Amino acid sequence: MTSFDEPGLIAKLVDARLRGSRLDLPDLDGSLHDAQKLQFDVLDQLLASGAHVSGWKIGLTSGAAYDLMGPGVRPVGYILAERSLSSDSNLRRPPGLPLQIEPEICLEIASPLRGKHLSIEHCRSAVKAVRASFEINQSRVPMPGRNNLFVADDLSNWGLVVGNGKVPVPFRSAPKAELFVDDRLERTSPPDLVMDDPYLSLSRLCAALDDYDRGVEAGQYVITGAFFRIAIDRSATYRAAIDGIGEVSFTLT
């Protein structure tokens, strides 16, 4: 096991995040709470170096990842503004390990949210729009077997692409998502996909952030549920259409 007190550990995590390099370390000892705190220590180092946060993610809320670390366990992560794109953008392939994408439900926040035990209704009232998005991932931590290191490394996040959407309405069930590569249908989400209510996920995110004296700010984005993940191994235009919500696309060059 790797100790949370290992000299240079934060620097190694920062370097892997920026360079897209593999973290070939044994899993971290200690608790998930310790891993989450370490993630925010890494974020603080990035912020001190001039980075900015454009939003947040809450993990393990849907599909094959649902409850992967135990019933109701929902680690959270951050999204860097420097790696946040609007729909129809071009993305030059970054250095390091290959990327993956996940069509996601994304909440655009209208007013600040902070604290525990926020109701679903209160969270929904703070949302300006529900948008289609892509989370861009980079699997820097070999899995399975390194849950704490995975959380400390920001749940494999690389960045975000935000598409169009609609005003928030109550969540009934996971809508259908389709992924197109160069306008050819590549994948469709399963009809029985399990997904947490996005506004419940927003409440859980706020509760988790509150443990570290953080909150969600107006203008930020929160991704709450992935439909599936695919590797993006070639230059192409990737587009997702989420029923009743909207579309998002970008071109990898």
Point to revise | Three-way shape label, region 9-252, alpha-carbon gyration tensor, a/c 1.5 | key: rounded
Review point. To the nearest whole percent, what portion of all C-alpha pairs in region 3-112 is separated by more than 23 angstrom?
Key: 39 percent
**Study point:** GNM result for the chain, Cα springs below 10 Å: residue of T224, T61, T237 fluctuating most strongly
**Key:** T237
Revision key, fill the gap. Largest fluctuation, Y212, Y66, Y238 only, Gaussian network model of the chain with Cα springs under 10 angstrom, belongs to Y212
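Helix-only estimate, please: 222 nm mean residue ellipticity of the chain, summing -39500 (n - 2.57) across DSSP H runs of length 4 or more and dividing by its residues, to the nearest 500. Write out the running numbers ahead of the final one.
Numbers: 5 runs with 53 residues, N = 253.
The per-residue figure over the chain is -6500 deg cm²/dmol.
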Revision key, fill the gap. Restricted to pairs 8 or more residues apart or on different chains, the lysines in the chain with C-alpha atoms under 20 Å apart form a number of pairs equal to 8
Review point. Expressed as cubic angstrom per residue, what is the convex hull volume of the alpha carbon set of region 102-171?
Key: 128 Å³
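Read-outs throughout are calculated quantities, based only on the coordinates presented, and are distinct from any laboratory measurement. None of the values given here were measured: they were computed from a predicted structure.
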